[in-house]
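Colleague: Have a look at this one before I ask anything.
The values are calculated or read from the model by the stated rules, or taken from the named source; none is laboratory data. Values in this document were obtained by computation on a predicted structure and should not be read as measured data. Backbone-built Cβ (ideal geometry, glycine too); neighbour counts: all protein chains shown.
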Amino acid sequence: MERYGPIGEIMSGNDGGGVGGWSAGAGDTSCDIELTTALASPDPAVMATIAVGEVLTVVLRESPRSVITQTTSGQYVGAITQRAADLARCMQDGSTYTARVTGITGGAVTVKVAPGT
């Protein structure tokens with residue numbers, strides 16, 4: 001993406017902007033994505049049933065468009081917002097991901113997202 005600097009020169013790079021973080025071409029084009037992040041809007045009832053070390057499934061939900069985590073029984077745990085556009089694009093192209101629970105503190109769940117097998 002080309003951007004113009006303060007005096008009109010072309011700047012390279014991507015600011016990762018766009019409405020709701022879903023802009024085309026945002027971030028890394030590789031689908032070998034690994035990250036550690038806190039889940040957004042975790043479900044407290046489901047949080048009480050999971051443990052550190054548990055592996056969650058990463059799912060692309062179409063409506064509302066989001067990247068979410070689920071237990072093996074399909075219960076919603078929370079949403080992944082970090083690099084969501086990249087994950088969604090890769091998942092649309094056939095990539096799969098898992099999210100290993102690395103921490104549960106109060107109302108927060110931290111996971112490590114990595115390519116699935």
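Colleague: If you scan the stretch 65-85, which residues turn out to be touching a residue at least 40 places away in the same chain (Cβ under 8 Å), under 11 Å from residue 39 (Cα atoms) and among the hydrophobic types (A, V, I, L, M, F, W, C)?
Modeller: Listed by number, the residues that qualify are 79, 80.
Colleague: Within the stretch 103-113, how many residues turn out to be within 18 Å of residue 45 (Cα to Cα) and either β-branched (Val, Ile, Thr) or at pLDDT 95 or above (or both)?
Modeller: Kept after step one, since they are within 18 Å of residue 45 (Cα to Cα), are these residues of the stretch 103-113: 103-111.
Applying the additional criterion that residues be either β-branched (Val, Ile, Thr) or at pLDDT 95 or above (or both) yields 103-105, 108-111.
Final tally of qualifying residues: 7.
Colleague: Do we have residue 100 as in contact (Cβ under 8 Å) with a residue 40 or more places away in the chain, on the phi > 0 side of the Ramachandran plot and surrounded by 12 or more Cβ atoms within 10 Å (Cβ to Cβ) here?
Modeller: Judged against the criteria, residue 100 is not a match.
Colleague: Mind listing just one residue for me: the one in the stretch 31-61 that is under 14 Å from the mean Cα position of the chain (by Cα) and without any contact (Cβ under 8 Å) to a residue 40 or more places away in the chain and, of those, surrounded by the most Cβ atoms within 10 Å (Cβ to Cβ)?
Modeller: Just the residues of the stretch 31-61 that are under 14 Å from the mean Cα position of the chain (by Cα), to begin with: 31-42, 56-61.
Adding the requirement that they be without any contact (Cβ under 8 Å) to a residue 40 or more places away in the chain leaves 41, 59-61.
Values: 41: 11, 59: 16, 60: 18, 61: 13.
So, considering only residues that are under 14 Å from the mean Cα position of the chain (by Cα) and without any contact (Cβ under 8 Å) to a residue 40 or more places away in the chain, the one surrounded by the most Cβ atoms within 10 Å (Cβ to Cβ) is 60.
Colleague: So residue 20 fits all but one of (1) modelled with pLDDT of 95 or more; (2) assigned to a helix (DSSP H, G or I); what number is the exception?
Modeller: (1)
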